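Every number here is computed from the coordinates shown, using simple stated rules; none is lab data. This is a predicted model, so every value here is computed, not measured. No Cβ is skipped: glycine too gets one built from the backbone with ideal geometry, and neighbour counts run over all protein chains shown.
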Amino acid sequence: MTFPYTMRHIATSVALCLWVGAAACGGEPAKSDADAESKAKAKPKPAPEPVVEPEPEPEPPPKTLPKTLGSLEEAIEAAAEIHSQHRRTFYCNCAYTPQLRIARGTCGYKTRADESLSKRVAWDRVVPNRAFGQHRSCWREPICKDDAGVAFSGVRCCREVDEEFRAMELDLQNLVPAVGELQADRSDFDFGELEGEARMYGACDFEVDRSLRRAEPDEDTRGEIARAYLYMQDTYGDGLPLSAAQKAQFEAWHEADPPDAWEVQRNRRVAAVQGISNSLLPMMAPPAGGEEEVEAETPAAAKAPAEKAPAEKAPAEKAPAEKAPAEKAPAEKAPAEKAPAEKAPAEKAPAEKAPAAEVPAEDAPAAEKAPAAEAPAAADPKTEG
């Protein structure tokens, strides 16, 4: 009974294998012609290409900062020396003395409110600290601490921790002489154009709108202002953010108001101190007569020769001593009479003091009033002649 039952099960299994296929019995499945053709046409997959990682971009070279001086006092002293051959204020073209006193009569400047400030020179940054400082963390966040442990931020903090900020603050290309009152009124306002603003400083064409925090310079100064801004951005890059509108405005001012001889000379003098020049200005050689040629338009230049004039009159005082022999020879008196005629050019020396006369007495420092008192004494030899 057991054997037939076993054989019956074997027969059933064999039949099932034949029906299902060889795969069910552990063999390979039957291959159809379609499968064979598809496999014949299939191409072997190419080996995956090795992944090449992109090379990291090289880091930009560090900025070459100008060799600015170590303190604001040193920078102002250097700026005063650079401008010593051209003592004129940047905005109103007012002459000023070596003692940094404004000669308001040379530019028609009229005091708006502060008489004391209107009489003296103050050094102004064309690009104010705010423009290149307010985006820095040292300006916005109290990351610095004083000796007492009190945290602080702003200009003082940036001066302590930000090397680029210090260089920008002391850059001589950005430091110019200005009338003290005008500098205080301009504050840290941006430059732009204003409409319908009344003149507040007499003949000085400079307007300030405190509500808009904007100042409008005269057209003859706009080129210098534009080149100062463009130099600062070219030198310090992102250290001075400029909007597209600002950059377009400064480029237009640069084109409309080209540099004059003094601006070129000033650029050369600054480059001699800092090692970097303004690329927007040509590095021209000094004029054949020396840089003092620019000084001819300033009262300070006129005073220098005038002070030497008395020393040149000493030979003229000897002329009366030569008249004694002239009396012995009447025939030779004709040339002697020409001697006074030769003194005529000497009389022109005091005329060079005319620019000094434009300085109102209230503006002239005590040191300048001394030469004026000597004028009558200088006239005595002429009367005798």
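A crude spin-label estimate for the pair K67 and A272, with each label 7 Å from Cα along the Cβ direction, gives 1.4 nm.
Dipole orientation for the stretch 104-152: of the candidates S116, F132, A148, S116 has the Cα lying most toward the positive pole (charges on Cβ; Lys, Arg +1; Asp, Glu -1). A Förster distance of 41 Å, applied to the separation of the beta-carbon atoms of A203 and S137, puts the FRET efficiency at 0.40. Placing +1 on each Lys and Arg Cβ and -1 on each Asp and Glu Cβ, with no other charges, gives the stretch 144-239 a dipole about its Cα centre of roughly 300 debye. Put simply, when 122-128, 184-190 are sorted by average Cβ atoms within 10 angstrom per residue, most first, you get 122-128, 184-190. FRET efficiency for the pair L100 and A244, taken as 1/(1 + (r/R0)^6) with r the Cβ-Cβ distance and R0 = 51 Å, rounds to 0.85.
Placing dummy labels 7 Å off each Cα toward the beta-carbon, the span from A261 to V52 is 6.1 nm.
State whether the stretch 191-257 is rounded, prolate or oblate according to the following rule on the C-alpha gyration tensor (a ≥ b ≥ c being the square roots of its eigenvalues): a/c under 1.5 gives rounded; otherwise a/b larger than b/c gives prolate, and the remaining case gives oblate. In terms of gyration-tensor shape, prolate. Taking 11 Å as the cut-off, no amide N atom of the stretch 232-273 comes nearer than this to a point 7 Å along the Cα-to-beta-carbon line of A80. Here the contact order of the stretch 175-244, divided by its residue count and restricted to Cα pairs under 8 Å and six or more residues apart, works out to 22 percent.
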